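We did not get these values from a lab; they are worked out from the coordinates using the rules stated. Keep in mind that this is a model prediction, so the values were computed, not measured. Ideal geometry is used to build each Cβ from the backbone, glycine not excepted, and the neighbour counts take in all protein chains shown.
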Amino acid sequence: MKFSTIAINGGLTINQPVIGASGCLGWGEVLSDLISATALGAFVTPTITVDARIGTVGSRTAETVAGLLYNTGMPNPGISNFVCNVLPFLAQCTSNIVVSVAGGTAQEWGSLGSALDQVLEATALEANLTGLMPAESSTDSASLITFAAKAVGSLRKTFSRSLLIKLPSDHFHTAALCRVVENEGADAIVTGHSLRSAAIRWSGSEPSIRFGEQGGLYSGPAVKPVSLLQAQIAAASTRLPIIAGGGIMTPQDALDYYVAGADVVSLGTLCLVSPARVNTFADDVAELLLTIKGDGLSALCKVGRPPMSG
Ligand SMILES: Cc1cc2nc3c(=O)[nH]c(=O)nc-3n(C[C@H](O)[C@H](O)[C@H](O)COP(=O)(O)O)c2cc1C
């Protein structure tokens, strides 16, 4: 059993079974010091918005028993600054650069797509649908579907290379969203965004909710069963390639995702807690695959990917 290179429409070719997840590898500085660029099939940047954001002031992360709660506020230099000052440095460290972006309106999505279409160092674009999603889209299905359709439609009109769509982490809308974004011209689906969550912190007898009423985002081992189900639903709902993540800490976790239907998996929290393990991860997966009967990973994916009607 082996991993075959995945070629995504629009030019992104992934030649390792794992990639780095958005926001977990910084702006490339870790690539020279801690993680070898060749250990990962692609590098996904933190999410970039039209305007620069300073992000959350004060502490941004809190460890919980089986995962990491965070609220970064998406700090980023803004698209123009990113293209002029960050992308050239990143391009010296790695070649397969996937730029994560988030807009709030069709116009914003369109200007992010246009800005990146002109710079060939951006091999692909990943739309983080949750990043600046209007509040009503998190509670109203019709609004969510309309928002996703507009985002992907605007990006497709302005960006000509590989377009990856990172879905919100809820299961309820996964199948419908897969169909809508495929229809609007997406080239791949990304599952396993962090889950909205909260933690109560006690200082003596004084409780406080960590990261306030809106909560934070949860990632790491605790989210794996939830994210695995999302990968499985996505794989059954679309023929597009699936890049899946959420709580992958060991090669066995990765294998579970391939069985659920993922073509490639992404490493997030593992990059933060144990960069050394990221360096050997693809080799460790390859070794584990040798113990599995069959011709290739695509055969394994088909176990979790039932034939679709139509
Ligand atoms: C500190 C931190 C920052 C993150 N920043 C982003 C981001 O900017 N954009 C995004 O789409 N996801 C972001 N994520 C979510 C990850 O890309 C990933 O979807 C999530 O952490 C689940 O994977 P994991 O359990 O392997 O960490 C971030 C996660 C962490 C832990």
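Below, the figures for the structure above:
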{"item": "Neighbourhood charge, 12 Å Cβ-Cβ cut-off, centred on Gly131 and excluding it, Lys, Arg +1 and Asp, Glu -1", "result": "0"}
{"item": "Amide H partners (placed H, <5 Å) of Ile19, local residues excluded", "result": "Gly41, Val265, Ser266, Leu267"}
{"item": "Cα pair distances exceeding 15 angstrom across region 141-187, given as percent", "result": "36"}
{"item": "Helical mean residue ellipticity (222 nm; -39500 (n - 2.57) per DSSP H run of 4+; nearest 500) of the chain", "result": "-10000 deg cm²/dmol"}
{"item": "Gap separating the Cα centres of region 262-280 and region 105-161, nearest whole Å", "result": "26"}
{"item": "Vicinal HN-Hα couplings computed from phi for region 207-219 (Karplus, 6.51 cos²θ - 1.76 cosθ + 1.60; Hz; Gly/Pro x)", "result": "x, 9, 8, 5, 6, x, 5, 7, x, x, 10, 10, 9"}
{"item": "Lys/Arg +1, Asp/Glu -1 at C-beta; the chain dipole; positive extreme among Thr38, Phe281, Pro134", "result": "Pro134"}
{"item": "Region 69-132 - convex hull of alpha carbons, volume per residue in Å³", "result": "97"}
{"item": "Principal semi-axes in Å for region 1-160 [√(5λ), Cα gyration tensor, largest first]", "result": "24, 21, 17"}
{"item": "About the Cα centre, charge dipole magnitude for the chain (Lys/Arg +1, Asp/Glu -1 at Cβ), debye", "result": "360"}
{"item": "Exposed trypsin sites (Lys or Arg not before Pro) absent - longest run of the chain, DSSP non-H/G/I/E/B, at most 14 other C-beta within 10 Å", "result": "3-238"}
{"item": "Local net charge near Val190, Cβ-Cβ under 14 Å (Lys/Arg +1, Asp/Glu -1)", "result": "-3"}
{"item": "Using distinct alpha-carbon pairs, which all enter the 1/r mean, Kirkwood radius of the chain in Å", "result": "19.5"}
{"item": "Length-normalised contact order of region 1-71 in % [C-alpha pairs under 8 Å, at least 6 apart]", "result": "24"}
{"item": "Summed residue charge, Cβ within 15 Å of Glu213's Cβ, Lys/Arg positive, Asp/Glu negative", "result": "+3"}
